[in-house]
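Structure first, commentary second.
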Protein chains: 2
Amino acid sequence: MYPHFSDRMTNMQPSSVREIFKALSDPSVISLAGGNPSPLTFPARELGEISARMYADNATAFLQYGISEGYAPLIEKTKFRMANKFGIGGADDEVIITSGGEQGIDLVLKVLTNEGDTVLCEDPTFVGALNDIRSYATNIVGIPVDDDGMDIDALERALETEKNVKLIYTIPTFQNPSGVTMSLERRQRMYDLAVKHNVIILEDGPYFELRYSGKHIPNIKSLDKTGHVIFCGSYSKLVAPGLRVGYLIADKRLMPKIVIAKQCQDVHTPVYTQMLIDGYLENYDIDAHIADSLRIYTAQRDVMLSALDRHIGNRAHFTRPDGGLFVWCTLPNGISGRELCVKTSAKKVVCVPGGSFDPSGDEDKAGIRLNFSMPTPEQIETGIQVVAECLAEYL
Amino acid sequence: MYPHFSDRMTNMQPSSVREIFKALSDPSVISLAGGNPSPLTFPARELGEISARMYADNATAFLQYGISEGYAPLIEKTKFRMANKFGIGGADDEVIITSGGEQGIDLVLKVLTNEGDTVLCEDPTFVGALNDIRSYATNIVGIPVDDDGMDIDALERALETEKNVKLIYTIPTFQNPSGVTMSLERRQRMYDLAVKHNVIILEDGPYFELRYSGKHIPNIKSLDKTGHVIFCGSYSKLVAPGLRVGYLIADKRLMPKIVIAKQCQDVHTPVYTQMLIDGYLENYDIDAHIADSLRIYTAQRDVMLSALDRHIGNRAHFTRPDGGLFVWCTLPNGISGRELCVKTSAKKVVCVPGGSFDPSGDEDKAGIRLNFSMPTPEQIETGIQVVAECLAEYL
């Protein structure tokens, strides 16, 4: 009889992605599995200087409790930067600092969805969002993606037929795991549909500033005139993920409930990490820093696409992302991504099976996700070669 | 029609305690309202030294993602210290690092309770826990406390009559807001009842190491032989709250679900803050540090009790806490704590109305909470004098 778990958690299992993450302690293993930014991009020296000044100036400022909304100067800088640079957030919007982007997703789910309500999302999508949605006992309906992002005709049908749709969760730019980017026309249609059906869009944008080719496509939040779009942002991929600093930009009618949910969850994000990011934005040029990161990531992506072209070619469909951290490989003939990943693991190359990202939980989804931000160019080359060898066993 | 909030959040309002916290920017106001530890107790110099070494040694270790369970050395040190010093946690228990004690409460609620289930707790109790319980649409039943803690006869009746009781939430030592400590005999009875009814006890222990008089009473978790007690701990009151580092100690059968819930909420607690606390435990004597804090707080408590004796005397019942941060004053003749706090506020002394801590939400509860950790001795003297003056208007 012991223990009784809540119904919402009874069937939840640990994220296979994060379990893989834990298993990767063997240094001889090549990981194409992570979602981590490259430590080469961390501005460690600059952060160390800011930190030293913070301790010298007034440590009590960050050792004492803070307020749930977040550290006011960081809120202001985030609001200003996102509005001025990307048109994200207007006069009716407010910013709350979250403990990473994941918390932003969690808070929105808590505030907007009841158990049994429906969330629409890309299929495949971010495993952390899927687990979060499941953990609220919310119904998940996946909408297919192609190389231009979510299929908006399918979205429209779902909005018309599914019951109690409360949220559209989307990563429109450099989507995780597919790497694809939604076209502007589709973004506009998604927004118009959200307004028509009075459904909130949660636009998750952890990677959108990591663009290696092509032109910026306006964020869905920048099209928002009615408060139907919540933007979930993060400093994880721009500064450092271990600090866990993200934010939500949402209509002021939504924000009070989000703040209460945040209070209940962790009272506030650590003041230290907020002040550190604020100090970085104050004293350094984050855009120049991002440009440096882009040089590193562009080379890594190009190595991976080149390896995929040479070793896999047209034997499987893989995406050609203009940014972000991931390439998605759709496997031919319904080959199980899980089985393929078991094969590559035996050869010390770890990828994430596509099933992890499947809204319906299909463990044998015919796809795998390949990360190019963490491995070295040599590891990417060897890793893709091993993936190709294992794939060849089926073909 | 816009926006649709979830049912669980529709009626939730911001915590009045935290709202007061925000309003306290006027430096001429005396606050007896906070729950903050004194900044005089923060080991800022030591933390600054540890931080500088962390940046010099290997910043990537804390700038990169970590694992959801927490930073392994901090887990080990926490487990060892709590087991060796207090008998908290045995061979069947595991530790997870949380983003403060509040998150520990949230995770336990998410994992163990369904909407409509019942949580039993002290009446009055911690407003952060009450709001958290409400945010899961869980039914709250308050059990009265006297100067020896929760009334266990009333607890037994509630366990026999209330439906779907899944959790007993208790702060047995230096309870917030009442300041009272549960006797060992009551702790044992509570544990035995929990086992009999197969209900989990969440023992919240943020203050129990802050003892100024009397002898340590074994924690409920130290009596646990069956896994029915989860201990929620925090470094907020022992090191610094702004860092948001707490922990849960729970049976290994419970922990996997708690870890998943944590993954969904913020992936992991910032690695920096965890390493900082770990470095403090590694390089400094936290027990000597706590002893220093006790000297400060003992003096503050004594000033408050002396002021209460002189200014209020037997015109109201106030508790005489052996530790923690709070005195609770029960108002005679059903005087509304809310009304009294409005009166004191007009004279620039802020206290928290007892209604904030009322499980049933009675805003006019006849009590107020008085904090002695933050104000100076002079502020305590003046503050209590003002409270007494306002109270005298009724008597």
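Where a number appears in this text, it was derived from the coordinates with a stated rule and is not lab data. Since we're looking at a predicted model, the values are computed, not measured. Neighbour counts are summed over all protein chains in view; Cβ atoms, including those assigned to glycine, are modelled from backbone coordinates with ideal geometry.
When each of the peptides A:169-180, B:51-62, B:127-138, B:182-193 is scored by how many other beta carbons lie within 10 Å of its residues on average, the order from highest to lowest is A:169-180, B:127-138, B:182-193, B:51-62. Among the residues of B:97-109, the average count of other protein chain beta-carbon atoms within 10 Å of the residue beta-carbon is 3.
Scalar couplings 3J(HN,Hα) for the stretch A:270-283, obtained by applying the Karplus form with A = 6.51, B = -1.76, C = 1.60 to θ = phi - 60°, are x, 5, 4, 5, 5, 5, 5, 5, 4, x, 5, 5, 6, 9 Hz; x denotes Gly and Pro. Across the stretch A:250-257, computed HN-Hα scalar couplings (Karplus, 6.51 cos²θ - 1.76 cosθ + 1.60, θ = phi - 60°) run 9, 4, 5, 6, 8, 5, x, 5 Hz from first to last residue, x flagging Gly and Pro. In terms of surrounding Cβ atoms within a 10 Å radius of their Cβ, A:V108, B:V342, B:V327 rank from fewest to most as B:V342, B:V327, A:V108. Take every DSSP beta bridge whose two residues both sit in the stretch B:151-276; close to 35 percent of them are antiparallel.
Amide H contacts of A:S234: A:Y247, each under 5 Å away and 5 or more positions distant or on a separate chain (H built 1.01 Å from N in the peptide plane; Pro and chain starts excluded). When DSSP beta bridges are restricted to pairs lying wholly in the stretch A:60-212, around 10% turn out antiparallel. In this structure, the amide hydrogen of A:E122, modeled 1.01 Å from its nitrogen in the peptide plane, lies closer than 5 angstrom to those of A:I143, A:I171, counting only residues at least 5 positions away or on a different chain. What the Cβ-Cβ distance of B:S306 and A:E46 gives, at R0 = 56 Å and to the nearest 0.05, is a FRET efficiency of 0.65.
Looking at chain B, the DSSP beta bridges with both ends there are about 50 percent antiparallel. Restricting the calculation to Cα atoms, the protein assembly as shown shows an Rg/Rh of 0.98 when the hydrodynamic-style radius is the Kirkwood one. Sorted shortest first, the separations between the B:G87 label point and its copies elsewhere in the assembly read 6.7 nm; each point sits 7 Å from Cα along the Cα-to-Cβ line. Based on C-alpha pairs under 8 angstrom that are at least 6 apart in sequence, chain A has a relative contact order of 24 percent. With N as its number of residues, the stretch B:270-395 has a Cα radius of gyration that, divided by 2.2 N^0.38 Å, comes to 1.27. Extending 7 Å from the Cα toward the beta-carbon at both A:K347 and B:I290 defines two label points whose distance is 5.5 nm. Taking amide H atoms as placed 1.01 Å from N in the peptide plane, the amide H of A:G323 lies under 5 Å from those of A:Y212, each 5 or more residues away in sequence or on another chain.
Distances between copies at A:P3, taken between label points 7 Å from Cα along the C-beta direction, are 3.1 nm in increasing order. Pair-distance distribution of the stretch B:132-192: all C-alpha pairs, bin width 5 Å, starting at 0; shares per bin in whole percent are 4, 17, 28, 23, 18, 9, 1.
A simple rule links phi to the HN-Hα coupling: the Karplus curve 6.51 cos²θ - 1.76 cosθ + 1.60 with θ = phi - 60°, which for the stretch B:166-177 gives 10, 8, 10, 9, 9, 10, x, 10, 6, 4, 9, x Hz, with x for Gly and Pro. No solvent, one uniform scatterer per C-alpha: report log10 I(q)/I(0) for the stretch A:64-283 via the Debye equation at q = 0.11 1/Å, two decimals. Evaluating at q = 0.11 Å⁻¹ gives log10 I(q)/I(0) of -0.48. Qualifying GluC sites (Glu not before Pro) in the stretch B:37-131, where qualification requires a DSSP coil assignment and no more than 16 other C-beta atoms within 10 Å, comprise B:E115. Helices in chain A, meaning DSSP H runs of at least 4 residues, each add -39500 (n - 2.57). Divided by all residues, the mean residue ellipticity at 222 nm is -13000 deg cm²/dmol.
Counting Cβ atoms of other protein chains within 10 Å of each residue's Cβ and taking the mean over peptide B:6-13 gives 6. If you average the C-alpha positions of the stretch A:358-384 and of the stretch A:225-296 separately, how far apart do those two centres end up, in angstrom? Answer, in whole Å: 27. Within the same chain, lysines fewer than 8 places from A:K343 are excluded, and of the rest, those with a Cα less than 18 Å from its Cα are A:K365. Potential lengthening of the chain between A:N11 and A:E363 amounts to 125.2 nm, from the contour at 0.36 nm per residue minus the alpha-carbon distance. Peptide A:65-71 is shielded by partner chain Cβ atoms: per residue, an average of 4 of them sit within 10 Å of its Cβ. Translational diffusion coefficient of chain B (Stokes-Einstein, Kirkwood radius from Cα pairs, 4 °C, 1.567 mPa s): 60 µm²/s.
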